[in-house]
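Worksheet: one structure, shown below.
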Amino acid sequence: MTAVPPRLRFAPSPTGDLHVGGARTALFNWLLARSTGGRFLLRIEDTDKARSTDESTRAIFDGLKWLGLDWDEEVVFQGANLARHRADAERLLASGHAYRCFCTSAELEERRKVAAAAKDAFKYDRRCDRLPAAEVERRVADGAPFVLRFRVAAGETAWEDLVHDRVAFPNKDIEDFVILRSDGTPIYNLAVVSDDIAMRVTLVMRGDDHISNTPKQILLYQALGVPLPQFAHLPMIHGTDGKKLSKRHGATAVGDYQHLGILPQAMVNFLALLGWSPGGTFEEVMTLEQLVAAFSADGLLRKASVFDPKKLEWMNGQHLSRIPLADLEPRVTPALVAAGLATADELAARRDWYHRLLDLLRVRSRLLDDIVRQAVPFFREEIEYDAEAVAKQWKDADAVRPLLAATRETLAALATWDAAAMEEALRALAESKGLAGGKLFQPLRVALTGLGVSPGIFDVMLMLGRERTVARIARAEARLAELVAGG
RNA sequence: GGCCCCAUCGUCUAUCGGUUAGGACGGCACCCUUUCAAGGUGCAGAGACGGGUUCGAUUCCCGUUGGGGCUACCA
């Protein structure tokens, strides 16, 4: 690793939501900064005014904040640095590293088409670089529009990549790329280099789809007389079909996962293990703090990985069960409120009860929504009976009804309302009827929750309280009577 | 087409020349058990292919194949 703490940056263009690929890039930059005492900077690359939007910028901020990735200095908006970009381009022109090109995009496109038809690789032929000085002056005087192209010298451009080791490009394969548009605005590679220099970025870590940009940027650094940063190119994240992650793979924005009920802790943990490994055998479920402690550029992998939603859900279930209740509560409360089950005030008023409920439900949940769904019978006064559960557990209504009645009476007569007392009395009741415990507990579960699935039956009754428990059983008896009557 | 990157179970990965190729997710089975989860145990499942180098290659080199990325006056 670098001797001095590195300065890293995440530089997305605000042309859409923060995607998981971008989030992973941001995460690795952040992780490396936090684990080395370096700095993590954020730059919004909004030089493409046509595609950049404020909503996108906001989505990026929100996504990063949700993930818990904070940045260290003022956000840099690339569009604000136009003057410098332009000055750098002019400097390159003055120093002879760039030249004016009068070819129009229409002409270029035509030549590209011709080359494609002939199955030739198109590369700008430098015709404008061969223009006599007088001709160039004449055209400029005439007001002819021109772009600035970087003059790529012969040779080879290579660098020692932190993840790929040595990567090299023969300069003959790099065309004289445009650095300044005819309207005086900078092209990506120039803007990036100019800004990275200005921000004193020492380590550029980004997706490996940028590998082919790197030799161009290196050439720019050299022409500008500035020492090179280190480069690290991260492998891509693919969809289950092996192709680059895109809309047709379903949820790809971090916001999508937030709404699906994924915890940021799980998202970060899952993403961290895509393209990075601490090596050896290790516990996969980690907190952000543990990730920071374990992270190192040495563990960066080069192979593209497939985004597996199944594992993300498992990871989420793990975090759901492990994080402090105090951290879980603020994630669940809004969902409960949105579902109309309770108000935030009501929940706050019986916080102990609420926390006990969360503790009961989170173990059997993978997504936040699973908690909400299971919480319903604990909040609604009137429960609904799940048809499947009724069909299975209340099949023999004539037998179940008296059993429930006896259960109700037993519970109502209990000296104390605690699990041990319930269990002792109910098991005794079942035994007196010659039944296994389950034969009593299952119909009771349906009576209390309307569902075939719930936390342990004694926990359910404890959470419900004696009064509601008894009332629900009575109501179930009535419902059973209707069923027998053919209702 | 050209250039570049990549290649271990279906997926995420361990292995830094010598292992019965290990773990996790998912799948299956069993255990626990009042249901569902969680947890525990077990089973199936991988070095793309061909050449080298070496006493010995998953590991190093070359090639083939396959996959991916880039190829704009987008970023």
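Values in this text are rule-based calculations from the coordinates and carry no lab data. From a predicted model like this one, the values you see are computed outputs, not experimental measurements. In this analysis, Cβ positions are derived from the backbone assuming ideal geometry, glycine residues included, and neighbour counts consider all displayed protein chains.
At-a-glance table
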| item | result |
| --- | --- |
| Gain on full stretching of the segment that runs from A:Ala121 to A:Asp369 - 0.36 nm per residue minus C-alpha separation | 84.0 nm |
| Rounded to whole Hz, the Karplus (6.51, -1.76, 1.60) HN-Hα couplings of segment A:11-26, x for glycine and proline | 10, x, 9, x, 10, x, 6, 6, 7, 4, x, x, 4, 5, 4, 4 |
| Environment charge at A:Phe150 (Cβ cut-off 14 Å; Lys +1, Arg +1, Asp -1, Glu -1) | +3 |
| Sorted largest first, extent of segment A:5-132 alpha carbons per principal axis (Å) | 54, 36, 27 |
| Considering only chain A, percent of DSSP beta bridges that pair antiparallel, nearest 5 | 50 percent |
| Cα pair distances of chain A binned at 20 Å [whole percent] | 19, 38, 23, 14, 6, 0 |
| Label-point separation, A:Ser35 to A:Glu384 (7 Å along Cα→Cβ), nm | 4.8 nm |
| Amide proton proximity set for A:Val204, modelled H, under 5 Å, gap of 5+ | A:Gln230, A:Phe231, A:Ala232 |
| Dipole axis of chain A (+1 Lys, Arg; -1 Asp, Glu on Cβ), positive-most option in A:Phe270, A:Gly486, A:Leu411 | A:Phe270 |
| Disulfide-incompatible cysteines by the Cβ rule (no partner under 4.7 Å) in chain A | A:Cys103 |
| Among A:Thr15, A:Ala89, A:Trp66 the positive-end extreme of the charge dipole of segment A:10-90 (Cβ point charges) | A:Trp66 |
| Net charge of Cβ neighbours under 12 Å - reference A:Ala59; Lys, Arg +1; Asp, Glu -1 | -3 |
| CD proxy at 222 nm, helix term only [per DSSP H run n ≥ 4: -39500 (n - 2.57); per residue of chain A; nearest 500] | -15500 deg cm²/dmol |
| Rounded FRET efficiency, nearest 0.05, which uses the C-beta distance separating A:Glu135 from A:Arg111 and R0 of 25 Å | 0.80 |
| Whole-percent pair-distance distribution, where bins are 5 Å wide, for the alpha carbons of segment A:340-457 | 2, 10, 17, 20, 20, 15, 10, 4, 1, 0 |
| Charge dipole (debye, nearest 20) of chain A; +1 at Cβ of Lys and Arg, -1 at Cβ of Asp and Glu | 840 debye |
| Principal semi-axes in Å for segment A:99-163 [√(5λ), Cα gyration tensor, largest first] | 27, 20, 11 |
| Cβ-placed point charges (K, R +1; D, E -1), dipole of segment A:117-196 about Cα centre in debye, nearest 20 | 440 debye |
| Relative contact order [Cα under 8 Å, 6+ residues apart], chain A, whole percent | 12 percent |
| Most positive-pole-ward Cα, A:Gly437, A:Val460, A:Ile473, against dipole of segment A:420-473 from beta carbon charges | A:Ile473 |
| Relative contact order %, segment A:280-425, counting alpha carbon pairs below 8 Å whose residues are six or more apart | 20 percent |
| Helix A:397-412 axis, angle to chain A major axis (alpha carbon atoms, nearest 10°) | 90 degrees |
| Long-range HN-HN contacts of A:Arg39 with modeled amide H, under 5 Å | A:Arg7, A:Leu8 |
| Cut-off under 5 Å, modelled amide H: who pairs with A:Val76 long-range | A:Leu42, A:Arg43, A:Ile44 |
| Listed pairs A:Lys119/A:Lys172; A:Lys310/A:Lys439; A:Lys247/A:Lys311 exceeding 25 Å between Cα atoms | A:Lys310/A:Lys439 |
| Residues A:Met315, A:Met463, sorted so that the one with the fewest Cβ neighbours within 10 Å comes first | A:Met463, A:Met315 |
| Segment A:161-222, relative contact order [Cα under 8 Å, separation at least 6], % | 32 percent |
